[in-house]
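**Student:** Mind looking over this structure? Questions follow.
The values are calculated or read from the model by the stated rules, or taken from the named source; none is laboratory data. None of these values were measured; they are calculated from a predicted model. Every residue, glycine as well, gets a Cβ built from its backbone with ideal geometry; the counts of neighbours run over all protein chains shown.
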Amino acid sequence: MIKAVFFDLDDTLHNTTRLATLARRAAVQAMTDKGLALKPDVAFLRLSEVIKRRGSNHPHHFDLLVEEVMGEKNDKIVAAGIIAYHNTKFANMAPYRDSVPSLIELKQRGLSLNVITNGRSVKQWEKILRLGLEAFFDHVVISEKVGHSKPGQEIYRIALNLARCEPDEALFVDNSPECVRGAKEVGMHTVLMDRTQTGTLTDATDYILSDLSTLARVIETIK
């Protein structure tokens, strides 16, 4: 019997990829409007290269882009990018349409709901709070906070211990086949969220869903 469900956050409960793209495009448009010497589409590609090179959690992507393009710092251009980025992100941040109804249904069934996510603790908590999802979760396990990340097995074990749950009593939901495999190796039941319906089914995936609204029925089949 399933007692606890563990969710990934990004691109599982909300569309992080779309949101980041919108916000970054708005940022480079604002930066070019203030004097960044590139066309917006080219600036977006250059920014993407900086992010890929430094990692998505680097705190100064815009500063690096401006210095590389202009040959010097320009705080006004960077500030314009930051403002546009955050305004766009906050205006468009929302859970997937099926996330909240599904979480409500699972909570009403008496299940423990939890999060296992990679990333910086402050950034991930900001998403949870802005999405209005905090009240649904008993435990939130973030890689930076616990010193382990998916798909390594230890982060799943930490989450299971917090929830006082055995692996075969737990269901893990993630959009990443690699992270699903990590949970399966620990002994958890697994669901791969495939919202784009690419059909990437692996031997570590027990179920593949394109919509969270069917998750309750999946749990019933496990019972």
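**Student:** Among all residue pairs at least 6 apart or on different chains, which show Cβ distances below 8 Å where the first residue, located in region 65-86, is in the same structural domain as Ala27 (by TED's automatic domain parsing) and the second is surrounded by fewer than 14 Cβ atoms within 10 Å (Cβ to Cβ) and in a helix (DSSP H, G or I)?
**Tutor:** What qualifies is Ala80/Asp33.
**Student:** Quickly run through region 169-205 and pick out the residues that are closer than 19 Å to Val141 by Cβ and among the charged types (D, E, K, R). It would help to see each step written out before you state the result.
**Tutor:** Looking only at region 169-205, we keep the residues that are closer than 19 Å to Val141 by Cβ, and these are 169-176, 178-191, 193.
Passing the criteria: Glu169, Asp174, Glu178, Arg181, Lys184, Glu185.
**Student:** Okay, moving on. Condition first: of a type in the set (Lys, Arg) and surrounded by 15 or more Cβ atoms within 10 Å (Cβ to Cβ). Now tell me which residues in region 101-115 satisfy that. Give the derivation first.
**Tutor:** At the first step, the residues of region 101-115 found to be of a type in the set (Lys, Arg) are 107, 109.
The answer is Lys107, and nothing else.
**Student:** Among the listed residues Arg46, Arg54, identify the single one that is surrounded by fewer than 21 Cβ atoms within 10 Å (Cβ to Cβ), under 30 Å from Gly182 (Cα atoms) and free of Cβ contacts under 8 Å to residues at least 40 places away in the same chain.
**Tutor:** Arg54
**Student:** Just one of the numbered conditions (1) of a type outside the set (S, T, N, Q); (2) free of Cβ contacts under 8 Å to residues at least 24 places away in the same chain; (3) under 23 Å from Leu106 (Cα atoms) is not true of Glu154; which one?
**Tutor:** (3)
**Student:** Can Ala94 be described as surrounded by 14 or more Cβ atoms within 10 Å (Cβ to Cβ) and more than 30 Å from Cys179 (Cα to Cα)?
**Tutor:** Numbers: surrounded by 14 or more Cβ atoms within 10 Å (Cβ to Cβ): yes; more than 30 Å from Cys179 (Cα to Cα): no.
No, not satisfied.
**Student:** On to the next question. Restricted to region 200-218, and to residues that are more than 21 Å from Gly110 (Cβ to Cβ) and of a type in the set (S, T, N, Q), which residue is modelled with the lowest pLDDT?
**Tutor:** The selected residue is Thr200.
**Student:** Scanning region 22-40 for residues that are under 25 Å from the mean Cα position of the chain (by Cα) and among the charged types (D, E, K, R), which turns out nearest to Phe62 (Cα to Cα)?
**Tutor:** Arg24
**Student:** Right, something else. Do you know which of the residues in region 171-199 that are of a type in the set (Ser, Thr, Tyr) and over 21 Å from Arg217 (Cα atoms) is modelled with the lowest pLDDT? Even if it seems obvious, please write down each step before you answer.
**Tutor:** Quick first cut of region 171-199, residues of a type in the set (Ser, Thr, Tyr) only: 176, 190, 196, 198.
Add one more test, that the residue is over 21 Å from Arg217 (Cα atoms), and what stays is 176, 198.
On the way: Ser176: 94, Thr198: 74.
Once the filter is applied, the top-ranked residue is Thr198.
**Student:** Starting from residues that are touching an Asp or Glu at 6+ places or on another chain (Cβ under 7 Å) and part of a helix (DSSP H, G or I), keep the ones in region 116-144 and report whichever is surrounded by the most Cβ atoms within 10 Å (Cβ to Cβ).
**Tutor:** Ile128
**Student:** Looking at Glu49, Glu72 in this structure, which one is under 23 Å from Gly119 (Cα atoms) and at pLDDT 95 or above?
**Tutor:** Details: Glu72 fails: under 23 Å from Gly119 (Cα atoms).
Being under 23 Å from Gly119 (Cα atoms) and at pLDDT 95 or above holds for just one of Glu49, Glu72, which is Glu49.
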